[in-house]
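See structure below.
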Amino acid sequence: MSQGIFISYSRDDQKQALALLQMLRKEGYNVWIDQEAIPGASIWSDEIVQNIKSCDIFIALLSESSVSSPNVAKEIGLAAENGKIILPVEIGTVVLPGRLEYALAGIQRTNYHNEDAILHAIRKQAEKSDEPREIHKHHKTRKQRIRQRTFALIALAVLFAGGFFFMSRNSSEKEIPNNSVIVLPFATMNLDQDSIRNLDVFSDAIMKRLSTLTTLTSTGPSVSSTYNKSPLNPLAIAKELKARYIVEGLVRKHSDVDFVSVRIFDLKKGGEMWEQFYRGNIRELFDTRERVCEDVFNCLRDISTSEKELEVLEKNVRDHPDNALANAALAKALIGNDNIRSLYFYQKAIKADSSNENYFITAGIVADRLKESGLAREFGNAGAAITLKKLKAHPDSMDLATTYCIALDVSGKFALSGHLYDSLMRIYPTATRLYFNAACNLARQGESDKAIDVLEKLRSFAPGKLNETRSDPDFDNIRMYPRYIKLMASMSN
């Protein structure tokens, strides 16, 4: 039997969650809610996972506490991955962090205090379902019984037109296109008429540049020009034009200097995704235009390309749900963008292949970034045990020795891994992976000078590898350290 509605919530919102539960059950809905405390190191209990997978509608109770809760994010990610109907219900005004934007992108939120709106949203979502849903209990209120009889009579008339109805409904309810972009005419401030006429060098040039991007469909000026000085905000224009991305710009003049700001909005994610600011005088107008075009092009190219690749990986997992390589590839692609889902797919990969030390080690790294330190140590210990067994069979393998050091890092055995790193660097003085991870180990411990010493040696035989330290969280402790700043500045000279 279907589990009906699943309520996901933070422990801090238990009072509101139970009130919502009571209200829905009074309406006759079959609702499942977890009322037992789950240890922080646990990702999900089997019961929670099974109830998410078997529910029809997933209610995400959003608050300042829940959007920062790793467990709530994991539950939302699992519901999204299983194609569940998700209904976000807000307690107050909530700003979604990046890890939840993907799963809840484009889904209208409902206010917790508006019971009628919540019930309407549930009925509306249930009607959109492709197959019948058993979201009610067997007992009915009087109002529901009357409604049921009425629907039964109407059903006879609808039966003959049903096929046509569903075909027309499906054709009108299109999803947000993934590859369409609109470039709006740039707005102006404090410009004379000659300067205003020059504004087209930005919007027109950007559209021409984007037209060469095969992963995106750009709309011509005849469409976007009709929205010049429009009172609608960019997201409203995107929705009206059925576009995914909107590019807008502002040119402001002060004395002889033009200030240009450019922003890109993503309708699917429901907000601004990129902004850049430029300045220069009129003599530099075309140089500025080229910089703007290149930056916008690169931003949308990288996003659209990565999303296309992600779609392929996600389809591969859907086609081969128990394949370790498919799950691991998707998990790797999600690192940094959606660590919750990344960890989930690494766990699936481990379940399918428990002999791969890299799955355990990388899962541990992701868990550590999610502040799941206990779970990270468990994965690190498991990865170290597998690697050590292989290392005994191949004692001369530098790659396995480096992997063993990394596993010790993840398991929290920093002193032991540091000692092994020192020994290995003397044996292998030009091993790029070894030196980079040795620097990671030292940086995480706050050993700034020692970390820089290793990076300076790394620069002598693999200078390009140093660029990875700019975005690697392991180097956050030394990012503002003067020696690090000086080292990275020297790379740009």
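Just a few scattered comments:
- Taken over segment 10-36, the criterion of being under 20 Å from Val49 (Cα atoms) and open to solvent by 70 Å² or more (accessible area, probe 1.4 Å) is satisfied by Arg11, Gln35, Glu36.
- If you go through segment 110-136 and keep only what is surrounded by fewer than 17 Cβ atoms within 10 Å (Cβ to Cβ) and modelled with pLDDT of 80 or more, you end up with Asn111, His113, Asn114, Glu115, Asp116, Ala117, Leu119, His120, Arg123.
- Where Val292 falls short, out of the listed (1) under 30 Å from Leu100 (Cβ atoms); (2) surrounded by 17 or more Cβ atoms within 10 Å (Cβ to Cβ); (3) modelled with pLDDT of 85 or more: (1)
- Only one of the listed residues (Thr469, Thr432) is under 22 Å from Asp399 (Cβ atoms), surrounded by fewer than 15 Cβ atoms within 10 Å (Cβ to Cβ) and in contact with a helix residue (DSSP H, G or I) (Cβ under 8 Å, 6 or more places away or on another chain). That residue is Thr432.
- Residue check, Ile350 outside any loop (DSSP other than H, G, I, E, B), at pLDDT 95 or above and not basic (Lys, Arg): yes
- Top-ranked residue of segment 37-67 - restricted to ones that are open to solvent by 20 Å² or more (accessible area, probe 1.4 Å) and assigned to a helix (DSSP H, G or I), ranked as modelled with the lowest pLDDT: Asp46
- Taken together, the criteria place Lys371 among residues that are assigned to a loop (DSSP other than H, G, I, E, B), closer than 24 Å to Asn71 by Cα and open to solvent by 20 Å² or more (accessible area, probe 1.4 Å).
- When residues of segment 391-427 are limited to those that are within 18 Å of Ser373 (Cα to Cα) and of a type in the set (S, T, N, Q), the one nearest to the chain's Cα centre (by Cα): Ser411
- Count of residues meeting criterion [farther than 23 Å from Lys239 by Cβ and either among the charged types (D, E, K, R) or open to solvent by less than 50 Å² (accessible area, probe 1.4 Å) (or both)] in segment 262-283: 5
- Segment 68-116, residues that are assigned to a loop (DSSP other than H, G, I, E, B) and under 14 Å from the mean Cα position of the chain (by Cα): Leu96, Pro97, Ala105, Gly106
- Residue pairs meeting the criteria (Cβ under 7 Å; at least 6 apart or on separate chains; first under 15 Å from Asn477 (Cα atoms) and part of a helix (DSSP H, G or I), in segment 427-451; second among the hydrophobic types (A, V, I, L, M, F, W, C) and open to solvent by 40 Å² or more (accessible area, probe 1.4 Å)): Asn441/Phe414
- Some residue of segment 376-390 being outside any helix (DSSP H, G or I), surrounded by 15 or more Cβ atoms within 10 Å (Cβ to Cβ) and within 35 Å of the chain's Cα centre (by Cα): no
- Within segment 191-228, restricting attention to residues that are among the small types (Gly, Ala, Ser), buried (at least 16 other Cβ atoms within 10 Å of the Cβ) and touching a strand residue (DSSP E or B) at 6+ places or on another chain (Cβ under 8 Å), the residue that is modelled with the highest pLDDT is Ser203.
- Of the criteria (1) at pLDDT 85 or above; (2) open to solvent by 50 Å² or more (accessible area, probe 1.4 Å); (3) part of a helix (DSSP H, G or I); (4) more than 22 Å from Val366 (Cα to Cα), which one Phe286 fails: (1)
- Segment 76-91, residues that are modelled with pLDDT of 80 or more and touching an Asp or Glu at 6+ places or on another chain (Cβ under 9 Å): Gly77, Lys84, Ile85, Ile91
- In this structure, Ala489 qualifies as open to solvent by 30 Å² or more (accessible area, probe 1.4 Å) and aliphatic (A, V, I, L, M).
- In summary, Ala243 fulfils each of the numbered conditions (1) outside any loop (DSSP other than H, G, I, E, B); (2) at pLDDT 85 or above with the single exception of condition (1).
- Residue among Lys315, Lys332 that is under 24 Å from Glu81 (Cβ atoms) and touching a residue at least 12 places away in the same chain (Cβ under 8 Å): Lys332
- Selected residue (criterion: least open to solvent (accessible area, probe 1.4 Å)) from residues of segment 402-426 that are without any contact (Cβ under 8 Å) to a residue 24 or more places away in the chain and more than 19 Å from Ala363 (Cβ to Cβ): Tyr421
- So Asn327, is it over 30 Å from Tyr278 (Cβ atoms) and open to solvent by 20 Å² or more (accessible area, probe 1.4 Å): no
- Asp396 vs. criteria acidic (Asp, Glu), loosely packed, with under 15 Cβ neighbours inside 10 Å and at negative phi: yes
The values are calculated or read from the model by the stated rules, or taken from the named source; none is laboratory data. Note that the coordinates shown come from a computational prediction; the quantities given were computed from them, not determined experimentally. All Cβ positions, even for glycine, are placed from backbone atoms using ideal geometry, and neighbour counts span all protein chains on display. Accessible surface areas use protein heavy atoms only, side chains included; no ligands, DNA or RNA. Shrake-Rupley method; radii C 1.70, N 1.55, O 1.52, S 1.80 Å.
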